[in-house]
Amino acid sequence: LFVVLCSSKAFAQQTESGYGISFAPLVEKLIDGVVNISTVHASENNDIKPEIISANEFINEYFVQDEGGHTSLGSGFLIDPQGYIITNNHVIDGADEIIVKTVDDTQYNAKIIGYDKMTDLALIKIDSDKPFPFVKIGDSDKLKVGDWILAIGNPFGLGNSVSAGIVSAKSRDIDAGSYDNFIQTDASINQGSSGGPMFNMSGEV
């Protein structure tokens with residue numbers, strides 16, 4: 001236990017009770033840089049806007065796609081103070097409207113800067129008079145199997161949610177295309193977390 005606690009000081013602090021370690025200090029530094037993304041797909045006769053739904057309506061509204069249009073949910077992360085956001089391409093693909101919500105519940109209309117379907121990456125942008133909090137990009141080549149990681153996203157549209165795990169494997173080939181080289185983790189990542197970041201213990205994506 002002594003060895004574990006000493007080696008963990010670089011990325012986590014002991015809890016107030018003195019038992020175990022906490023990722024809270026790292027999460028507090030990172031969570032403002034993660035955003036929720038809603039995308040609206042509308043037809044001529046059915047323009048559906050994003051709205052909060054009750055738990056009873058969740059299954060029908062979230063998992064069933066309307067013929068005329070639908071609202072999908074995903075995540076993303078700010079990479080600079082000007083409002084540039086990285087997410088997955090499939091989160092914003094074909095969207096008529098993109099709404100980004102920051103951790104303080106402020107909503108912004110986003111525009112697409114660029115996207116690449118082969119790597120499933122997209123770059124979008126939001127604008128404000130004030131600089132945005134952002135996170136830094138790390139070097140995935142330096143990751144080792146067994147390293148601790150944190151995942152932050154918006155599973156099921158419930159707002160910023162944090163899960164922890166380790167790097168379970170690297171260079172996974174799952175027949176997903178030309179750039180099939182994935183990092184596997186045992187951290188919980190649910191639907192709606194697409195586009196959200198995975199952090200190392202230095203707070204880098």
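Computed quantities for the displayed model
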{"read-out": "Hits in region 133-175 (condition: in contact (Cβ under 8 Å) with a residue 60 or more places away in the chain and either over 14 Å from Gly203 (Cα atoms) or among the small types (Gly, Ala, Ser) (or both))", "value": "Gly138, Gly153, Asn154, Phe156, Gly157, Gly159, Asn160, Ala164"}
{"read-out": "Subset of region 72-91 (residues that are in a loop (DSSP other than H, G, I, E, B) and over 13 Å from the mean Cα position of the chain (by Cα))", "value": "Asp80, Pro81, Gln82, Gly83"}
{"read-out": "Residue in region 117-133 that is nearest to Ile85 (Cα to Cα), counting only those that are charged (D, E, K, R) and surrounded by fewer than 14 Cβ atoms within 10 Å (Cβ to Cβ)", "value": "Asp127"}
{"read-out": "Only listed residue being open to solvent by 20 Å² or more (accessible area, probe 1.4 Å), within 14 Å of Gly76 (Cβ to Cβ) and either in contact (Cβ under 8 Å) with a residue 24 or more places away in the chain or touching a Gly at 6+ places or on another chain (Cβ under 8 Å) (or both), chosen from Ser194, Ser188, Ser202, Ser178", "value": "Ser194"}
{"read-out": "Conditions (1) surrounded by 18 or more Cβ atoms within 10 Å (Cβ to Cβ); (2) part of a loop (DSSP other than H, G, I, E, B): number failed by Val100", "value": "(2)"}
{"read-out": "Residue within region 162-182 that is out of contact with any Phe, Trp or Tyr (no Cβ under 8 Å at 6 or more places or on another chain), part of a loop (DSSP other than H, G, I, E, B) and modelled with pLDDT of 95 or more present", "value": "no"}
{"read-out": "Where Gly94 falls short, out of the listed (1) part of a strand (DSSP E or B); (2) closer than 20 Å to Gly192 by Cβ; (3) open to solvent by 40 Å² or more (accessible area, probe 1.4 Å)", "value": "(1)"}
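To keep it simple, each residue is scored yes or no on (1) at pLDDT 95 or above; (2) open to solvent by less than 70 Å² (accessible area, probe 1.4 Å); (3) farther than 30 Å from Asp180 by Cα.
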site: Ile85; (1), (2), (3): yes, yes, no
site: His90; (1), (2), (3): no, no, no
site: Asp104; (1), (2), (3): no, no, yes
site: Lys111; (1), (2), (3): yes, no, no
site: Val135; (1), (2), (3): yes, yes, no
site: Ser140; (1), (2), (3): no, yes, no
site: Val145; (1), (2), (3): yes, no, no
site: Asn154; (1), (2), (3): no, yes, no
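The values are calculated or read from the model by the stated rules, or taken from the named source; none is laboratory data. Quantities reported herein were computed from a predicted structural model and do not represent experimental measurements. Don't worry about glycine lacking a Cβ; one is built from the backbone with ideal geometry, like all the others, and counts go over all protein chains shown. Quick note on the areas: whole protein, heavy atoms, side chains included, nothing else; ligands and nucleic acids left out. Shrake-Rupley method; radii C 1.70, N 1.55, O 1.52, S 1.80 Å.
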